[in-house]
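Each value in this text was obtained by applying a stated rule to the coordinates, not by laboratory testing. Model, not experiment: these values are computed from the prediction. Note that each Cβ is placed from the backbone with ideal geometry, even for glycine, and that neighbours are counted across all protein chains shown.
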Amino acid sequence: MDHSLFISDCHLCESRPSVINAFIEFLAHTAIHADALYILGDLFEYWAGDDAINHGVHAPIINALKHLSLQGVSLYVMHGNRDFLLGNGFTQATNATILPDPTLVSLYGQLTLLSHGDILCTDDIDYQHFRQEVRSDAWQTQFLNQPLSERVAYIESVRQKSDQEKSIKSMQIMDVNPTAVTELLASHGYPTLIHGHTHRPMQHQYQIDQHTCTRWVLGDWYEQGSYLRVDKQGFHPHQL
Ligand code: LP5
Ligand code: MN
């Protein structure tokens, strides 16, 4: 027990049962040996509200997360752009702690900043407007007051619209903005950054004000699960 694990963008959903199995296996056989598991957003393909906790494939996932935390592995979850409605119902059922985005932590002596990553995509103006609206308390209160079936129908229409828009946005617009990254790192004491969202797993190096900073981008779980292991020796990417 001398390491922590980081994952993001599992996008768990009914239509990808093999990914759900891989995720539950990962919790039982890999994450179980860690001090902590950090899930940096988009664990679910979408989360329509905590009243969906027992719907479809959610129950076995919630149970596996709860089992992990009951075994003594600290469980941290950050909201992604698809599951930012994970709330108290989810944290009570899993014993997870929701982390604000961004969150600064010290990992085995290494200053590390955690984010889902979408806040860094500042060139994606339409998305940032959409994000600002749906992250407001007022919007969320009225949304959660609608019946679950209506919320799911609305989410499906937004997914369609989002897919249409993504097909005409450039890859550059949908990536992180370099200035947003350097400003975030400079304002947090030049830590190492770990984030997901872009689905472009990679290690990037930056020189900022005479500091060398590393940005680790986590991969998605569409084809194959992956995780980042952090211990006293440093940061190590792994494929499952
Ligand atoms: O997730 P990803 O990587 O595919 O795309 C994101 C951005 N898109 C989104 C939307 C989600 O994928 C789907 C909806 C999530 C459900 C959340 C559940 C709870 C709340 C319900 C909220 C409806 O986040 C995409 C980015 C991309 O990342 C890269 O960064 O580009 O952003 C978009 O494409 C958003 C559009 O630019 C703007 C969306 C306007 C939607 C307006 C609603 C229209 C309703 C239609 C009704 C007929
Ligand atoms: Mn995302």
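Charge tally around SER106: other residues with Cβ under 15 Å, Lys/Arg +1 each, Asp/Glu -1 each, net -2.
Taken over the Cα atoms of region 1-133, the convex hull encloses 108 Å³ per residue. When the label point is put 7 Å from the Cα of HIS55 along its Cα-to-beta-carbon vector, which residues of region 134-150 have a backbone N closer than 13 Å? Taking a point 7 Å out along Cα→Cβ of HIS55, the residues of region 134-150 whose backbone N falls under 13 Å are 144-150.
The mean sequence distance of close C-alpha pairs (under 8 Å, at least 6 residues apart), as a share of the length of region 133-240, puts its relative contact order at 14 percent.
Computed over the chain with a Gaussian network model linking Cα atoms closer than 10 Å, the most mobile of ASP118, ASP51, ASP42 is ASP51. Computed over the chain, the P(r) tail beyond 27 angstrom holds 33 percent of alpha carbon pairs. Annotation for LEU70 and GLN172: the two label points, set 7 Å from Cα along the Cα-Cβ direction, are 5.2 nm apart.
Fully extending the segment from ASP137 to VAL158, taken as 0.36 nm per residue of separation minus the present Cα-Cα distance, adds 5.7 nm.
Each Lys or Arg adds one and each Asp or Glu takes one away; over the other residues whose Cβ falls under 13 Å from the Cβ of TYR222, this sums to -3. Note on the chain: GNM, Cα springs under 10 Å; of THR30, THR182, THR141, the largest mean-square fluctuation is that of THR141. When the chain is treated as a Gaussian network with alpha carbon springs shorter than 10 Å, the biggest mean-square fluctuation among GLY56, GLY219, GLY89 belongs to GLY56. Distance between the pseudo-spin-label points of ASP209 and ASN63 (7 Å out from Cα toward the beta carbon): 5.1 nm.
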